[in-house]
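Encoded as structure tokens, here's the structure I'll be asking about.
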């Protein structure tokens, strides 16, 4: 059983949502712009989902259009706001010189601001709003700069830490400001009441795949009377607000999720989610003495825990969890490949060791009590593995490594080495270890195979391989500890092997 604790990156698709998408593809496949029966049936479905979305978001007025996801919604909102500023300038009006965004925003926001600021030739000053140790915006700073801002972007809840923004405080700080206000509602959908109209929020993008709908479907709310420019022009779909034939299967799936939010019974309530977080937090503290939480629970989403273990790098902790079938991340999935310290935690002013060791665990509102109990058991097992030496420091790892040329030479030697791929089966299928034929034993099943490998002749090298070289080093350390000294790990993992 896989314990998936990376729901802030994406969620599985709700069974009802899968069924709705398949039914739509089979039975309601018409183009909603067509005027015949099949088209009218599709149009009715589309309108019904939009009406449901208005109820869930509490927005009887304003624009509400379907998008491909939050990034498109953000691009549309930023383009709309900045084009309005350019038109003001061209009309001889003074334009506020600042474009502000929260220092912990998802990269999609500042990158969109910089892009359209340059493309439209505005060249206004783009500046981050500082945050405190709790990840919340510095409202005093914002009040001091609000009068000079033409656009302010703040997320409702942070994707890495779960920190919930003080939207009422931000609204008060912007009360006399000319700025348009964009609130990224991605992590808030189904978890927080955003009160979009009461707070006079101008733009709010949402993404379906963060709440059990498929990837490729989202929503953008635009308040009545604020500037709007379509990002896509063409056939006039979405009342001319977003060209392109609508993603009917995705819309139907999103509709099923919205219906589940309205009717209840599928998603846990806030109190239950808090109880689940408390169980996970207790298991983490038991498993890893000295562990710290990087955001206070009192002002964070109950579905997100961001932690750091002193002396253990994030990638080592992720590999340890992965070997136990627990899927976590070091932060935003969009920046995972760079393996850099979290800019979110750096913006919060946390110490370097915390930003380098931070790991995010996030669960979904549909995850039940049995799932949480199993997750806690796995986390405790990971703690036991860590205490048994499953995580190595850099010096210990280096002593076990054999680089790609040396491995190639070993494969051509008279005494053939045994090569063992310790990745999970799914990883092995996606990226075969070309030129390294041997056994495939996931790290999670290593203990059963160790006695057999210990019985090999001392002259037979055993070379473990994995994606990055971290899990293979753990395997090599385990086998050496059992007495087979001629044991190695492929340095740099399969990425280095492929490059060589």
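Taken together, the values in this text are just the output of simple stated rules run on the coordinates, not laboratory data. The model shown is predicted, which means the values in this text are computed figures rather than measured ones. For neighbour counting, all protein chains shown are included, and Cβ atoms are generated from backbone atoms with ideal geometry for every residue, glycine included.
Set the Förster radius R0 to 22 Å, insert the Cβ-Cβ distance between residue 263 and residue 51 as r into 1/(1 + (r/R0)^6), and round the FRET efficiency to 0.05.
Details: r = 15 Å, r/R0 = 0.67.
For residue 263 and residue 51, the calculated efficiency is 0.90.
Would you calculate a helix-derived [θ] at 222 nm for the chain, using -39,500 (n - 2.57) for each DSSP H run of n ≥ 4 and dividing by the full residue count, to the nearest 500? Each step should come with its number before you reach the end.
Details: 18 runs with 204 residues, N = 500.
Theoretical 222 nm ellipticity from helices: -12500 deg cm²/dmol.
A further question on this structure: Would you mind estimating how fast segment 394-499 diffuses translationally, via Stokes-Einstein at 37 °C and 0.692 mPa s with the Kirkwood radius over Cα pairs, in µm²/s?
Taking Rh from Cα pairs, D becomes 245 µm²/s.
So, in nm, how far is label residue 452 from label residue 327 when the simple model puts each one 7 Å beyond its Cα toward the Cβ?
Between residue 452 and residue 327, the label points sit 2.8 nm apart.
Assuming 0.36 nm per residue, please report the length gained on full extension of the stretch residue 282 to residue 44 beyond their Cα-Cα distance.
Stretched out fully, the residue 282 to residue 44 stretch lengthens by 80.9 nm.
Given 0.36 nm per residue, what is the gain on full extension from residue 439 to residue 168 after removing their alpha carbon distance, in nm? All intermediate terms of the calculation are to be shown ahead of the outcome.
On the way: separation 271, 0.36 × 271 = 97.56 nm, distance 5.81 nm.
Extra length available between residue 439 and residue 168 comes to 91.7 nm.
Modelling each spin label as a point 7 Å along the Cα-to-Cβ direction, I'd like the residue 29/residue 480 distance in nm, to one decimal.
It works out to 5.9 nm between the two label points.
Relative to the longest principal axis of the chain, what angle (0 to 90°, nearest 10) does the C-alpha long axis of helix 37-57 take?
Helix 37-57 sits at roughly 90 degrees to that axis.
Order 476-485, 262-271 from most to least packed using the mean count of other Cβ atoms within 10 Å.
476-485, 262-271
Right, next: By how many nm would the segment from residue 86 to residue 123 grow when fully extended, if each residue of separation counts as 0.36 nm and the alpha-carbon distance is taken off?
12.3 nm
Within segment 469-493, which residues have the backbone N less than 11 Å from the label spot 7 Å out from residue 413 along Cα→beta-carbon, could you tell me?
Backbone N within reach: 486-488.
In whole angstrom, how far apart do the alpha carbon centroids of segment 218-248 and segment 123-196 sit?
Each part reduced to its Cα centre gives a spacing of 24 Å.
Starting from a Cα-only point model with no solvent, please compute log10 I(q)/I(0) by Debye for segment 241-372 at q = 0.14, 0.18, 0.21, 0.22 1/Å.
Values, matching the q order: -0.76, -1.05, -1.23, -1.30.
Only bridges with both residues in segment 15-263 count here: give the DSSP antiparallel percent, nearest 5. Kindly include the intermediate steps, with their values, before the conclusion.
Details: 12 of 27 bridges.
DSSP beta bridges in segment 15-263 are roughly 45 percent antiparallel.
While we're looking at this one, here's another question. May I have the pair-distance distribution P(r) for segment 177-321, computed from all Cα-Cα distances with 5 Å bins from 0 and rounded to whole percent?
In whole percents, the pair-distance histogram is 2, 7, 12, 14, 15, 15, 11, 9, 7, 4, 2, 0.
Could you grab the relative contact order for the chain? Cα pairs under 8 Å, six or more apart, rounded to a whole percent.
16
If R0 is 22 Å, what FRET efficiency do you get for residue 115 and residue 147 from their C-beta distance, rounded to 0.05?
E between residue 115 and residue 147, to the nearest 0.05, is 0.30.
Please sort 193-204, 132-143 by packing, taking for each peptide the average over its residues of neighbouring beta carbons within 10 angstrom, highest first.
Top of the packing list down: 193-204, 132-143.
Run the simple label-point estimate for residue 293 and residue 107 please: 7 Å along Cα→C-beta, distance reported in nm.
A separation of 2.9 nm, rounded to one decimal place.
Still on this model: How large is the Rg to Rh ratio of the chain when both quantities use alpha carbon positions and Rh follows Kirkwood?
Taking Rh as the inverse mean 1/r over Cα pairs, Rg/Rh reads 1.03.
On C-alpha positions alone, give me the angle between the axis of helix 70-90 and the longest principal axis of the chain, in degrees, nearest 10.
40
Zone of residue 428 (label point 7 Å along Cα→Cβ, backbone N under 19 Å): which residues in segment 404-420?
What the label zone holds, given the 19 Å backbone N cut-off, is 417-420.
Roughly what angle does helix 470-481 make with the longest principal axis of the chain, taking Cα atoms, 0 to 90 degrees, to the nearest 10?
Approximately 20 degrees, to the nearest 10.
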